[in-house]
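*Asks:* Structure below; questions to follow.
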Amino acid sequence: MSQTVGGIDVAKKAAAVKAVDNHVKNGFTVGIGSGTTIIHAIQRIKQNKLDVQCIGICPTTQDLILENGLKLTDLSSHPELDVFIDGFDEVEVSTKSLIVGACGRVAAVKIAANASKQIVFIADNSKQSQRLGQVFHEGIPIEVIPVAAKR
């Protein structure tokens, strides 16, 4: 692993640890997004032995929640979240505008964020840019919801 990659991974872990330590408490219902930084957040919840209900926005996150012995629930059972934690693909530093949702779960991210009392986006500084599109070159993520597309 190169020093750059290692440094980025250390920064991701530090951001995730700080997010969990500062924003997740026992008894919380926690929405959890996707991405490599989220892996560290899930591991920190486990390390802190927090008794929380977790809502994963994608199957991979749901699997990670279960693999770490955390409680998995859904928005139908818990329509209000105490906190939603997610990574992002890019942030425009001057405006704090984000590109989120490259995982393909744009609607789920918006629904979870809107259901949350608090939203925490975490990433390392490699996601910072002066103008959106400088770091994340894949375009603006969109999601087609099949039932809505048929209308």
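The values are calculated or read from the model by the stated rules, or taken from the named source; none is laboratory data. The model shown is predicted, which means the values in this text are computed figures rather than measured ones. Cβ sites come from the backbone with ideal geometry, for glycine too, and all protein chains shown count toward neighbours.
*Asks:* Yes or no: Lys96 within 23 Å of Val17 (Cβ to Cβ), basic (Lys, Arg) and modelled with pLDDT of 95 or more?
*Replies:* No: the conditions fail for Lys96.
*Asks:* Considering each residue of the range 74-120, count those that are out of contact with any helix residue (DSSP H, G or I) (no Cβ under 8 Å at 6 or more places or on another chain), surrounded by fewer than 16 Cβ atoms within 10 Å (Cβ to Cβ), of a type outside the set (Asp, Glu) and not in a helix (DSSP H, G or I), and give that number.
*Replies:* Here the count works out to 10.
*Asks:* Give me the pairs: first residue in the range 100-112 and charged (D, E, K, R), second residue buried (at least 22 other Cβ atoms within 10 Å of the Cβ) and at pLDDT 80 or above, beta-carbon distance under 7 Å, and six or more apart or on different chains, which are they?
*Replies:* Close Cβ pairs (under 7 Å, with a partner that is buried (at least 22 other Cβ atoms within 10 Å of the Cβ) and at pLDDT 80 or above) amount to Arg105/Ser34; Arg105/Ile57.
*Asks:* Could you please find all residues in the range 100-151 being more than 13 Å from the chain's Cα centre (by Cα), of a type in the set (Lys, Arg) and at pLDDT 85 or above?
*Replies:* Lys117, Lys127, Arg131
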